[in-house]
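Everything on this sheet refers to the single structure shown next.
The values are calculated or read from the model by the stated rules, or taken from the named source; none is laboratory data. Remember, it's a predicted structure, so these values are computed and weren't measured experimentally. For neighbour counting, all protein chains shown are included, and Cβ atoms are generated from backbone atoms with ideal geometry for every residue, glycine included. Just the protein is used for accessible areas: all its heavy atoms, side chains included, with ligands, DNA and RNA removed. Shrake-Rupley method; radii C 1.70, N 1.55, O 1.52, S 1.80 Å.
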Amino acid sequence: MMWKSFCRNMVVGALALPALLAAACVPAAAQTDPAAGYPSRPIRVIVGFAAGGGNDIFARLVGQKLSELIGQSVVIENRPAAGGRQAAEYVANQPPDGYTLLVGASGMMSIAAAVYPNLRYHPTKSFIPLSMIANFPLIMSVPVSNPSKSVGELVAWAKQHPEKANYATTSPAFTIATELLKLKSGMPGVAIPWKSSTEMLLCVVTEQCLLAIADGPPSVPMVKAGKVRALAVTGSERSPELPDVPSMAEQGLPEVDIHLWSGVFAPAATPPAIAKKLEAALRQAILAPDVSSKLRAMASNPGGTSSEEFRRMIDADIKLYEGVVKAANLTFED
């Protein structure tokens, strides 16, 4: 009887062993999942621009909602220098654990990749683009005294008066947009550099510059006040802020499709599980009605794109900008 009992216990033990081993493996598997307990502490979001600017406002707006969704604090840290490029270098070299993110703008990401050969990072190789926060078109303005009422008329006028054909710019973004217009229309024009978008538009107001292709916040008030005339919005759609101003596509120049944007990035080696968790939470935050409505109020189009959509858009931007830089033989100081 004792022998039978011993054998029966051995059989039962042998049958139970796989179950015991499987049970023992469950906690181990959970421990190897980097997203299982993430996030367990505050997340830093680095902004490469000063507090109060557009990208800083975007970061704080989305960061607050993200904090509500993930149950951890989201701390915004401003590191303004070199047009945001130093902040990008900093984040690219941080531990890829999901606790240090970057709010990157098109100027320091896709445009910088196209115009600075010695850039120490790459937007889609050094980072995982998680989601776009928002994008916005540019607005082309001319002096109210200029007789041109459309882009076509302005191009013709500039060809007839090449000595007066110049344009205001403050950054590679605005230079590339205007040079793209020149390439596609044959319009002449010499760049006049300024320090800010407001100075660009004042150059147009005072008739020192024939045109400026600038961002919405400084342009819209001057257009509405009648200080400059807006001829076009870059891209294929009109701006809700200026519904009477036609798009470049409507005026026969669909290739002049320049949109600036802001988005959230993580270091490239961030574990996929954590990146996916961040992507989902960010998309939910950006598309939340209370967030998207505030983005629209800033004359921006809410993003909330998937990581892969954002990556493809950035790579397409870089290719477009590299083509313009090469065709127009442009050089920029790093």
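Go through the range 211-240 residue by residue and tally those that are assigned to a loop (DSSP other than H, G, I, E, B), open to solvent by 10 Å² or more (accessible area, probe 1.4 Å) and touching a helix residue (DSSP H, G or I) at 6+ places or on another chain (Cβ under 7 Å).
The number of residues fulfilling the criteria is 3.
Listed residues Val190, Val204; which is open to solvent by less than 70 Å² (accessible area, probe 1.4 Å) and among the β-branched types (Val, Ile, Thr)?
Unique residue meeting the criteria: Val204.
May I ask you to say which residue of Pro243, Pro289, Pro267 is more than 30 Å from Asn166 (Cβ to Cβ) and loosely packed, with under 15 Cβ neighbours inside 10 Å?
Pro289
I need the full set of residues from the range 133-145 which are open to solvent by 10 Å² or more (accessible area, probe 1.4 Å) and either touching a Phe, Trp or Tyr at 6+ places or on another chain (Cβ under 7 Å) or under 23 Å from Pro272 (Cβ atoms) (or both), in order please.
Asn135 - this is the single residue of the range 133-145 that is open to solvent by 10 Å² or more (accessible area, probe 1.4 Å) and either touching a Phe, Trp or Tyr at 6+ places or on another chain (Cβ under 7 Å) or under 23 Å from Pro272 (Cβ atoms) (or both).
Identify, from the list Lys195, Lys184, the residue that is open to solvent by 20 Å² or more (accessible area, probe 1.4 Å), in a helix (DSSP H, G or I) and either under 19 Å from Val233 (Cα atoms) or of a type in the set (Lys, Arg) (or both).
Testing whether each residue is open to solvent by 20 Å² or more (accessible area, probe 1.4 Å), in a helix (DSSP H, G or I) and either under 19 Å from Val233 (Cα atoms) or of a type in the set (Lys, Arg) (or both) leaves just Lys184.
Does the range 32-46 contain any residue that is over 16 Å from Leu278 (Cα atoms) and modelled with pLDDT of 90 or more?
No; the residues of the range 32-46 include none that is over 16 Å from Leu278 (Cα atoms) and modelled with pLDDT of 90 or more.
Provide a single number: the residues in the range 40-65 that are assigned to a helix (DSSP H, G or I) and more than 17 Å from the chain's Cα centre (by Cα).
Selection size over the range 40-65: 2.
Given the condition within 30 Å of Gly71 (Cβ to Cβ) and either touching a residue at least 40 places away in the same chain (Cβ under 8 Å) or aliphatic (A, V, I, L, M) (or both), answer yes or no: does some residue in the range 254-262 qualify?
Checking the range 254-262: at least one residue is within 30 Å of Gly71 (Cβ to Cβ) and either touching a residue at least 40 places away in the same chain (Cβ under 8 Å) or aliphatic (A, V, I, L, M) (or both).
Among the residues of the range 250-268, is any part of a helix (DSSP H, G or I) and on the phi < 0 side of the Ramachandran plot?
Checked against the condition, which is being part of a helix (DSSP H, G or I) and on the phi < 0 side of the Ramachandran plot, the range 250-268 yields at least one hit.
Being touching a residue at least 24 places away in the same chain (Cβ under 8 Å) and within 20 Å of Glu241 (Cβ to Cβ) is the filter here; which residues of the range 287-334 pass it?
Val291, Lys294, Leu295, Arg296, Met298, Ala299, Ser300, Asn301, Pro302, Gly303, listed by residue number.
From the set of residues in the range 66-91 that are crowded, with 22+ Cβ neighbours inside 10 Å and either closer than 23 Å to Ala36 by Cα or at pLDDT 95 or above (or both), which is nearest to the chain's Cα centre (by Cα)?
Within the range 66-91, the match that is nearest to the chain's Cα centre (by Cα) is Ala88.
Scanning for something among the hydrophobic types (A, V, I, L, M, F, W, C) and more than 20 Å from the chain's Cα centre (by Cα), does the range 161-178 turn up at least one residue?
yes
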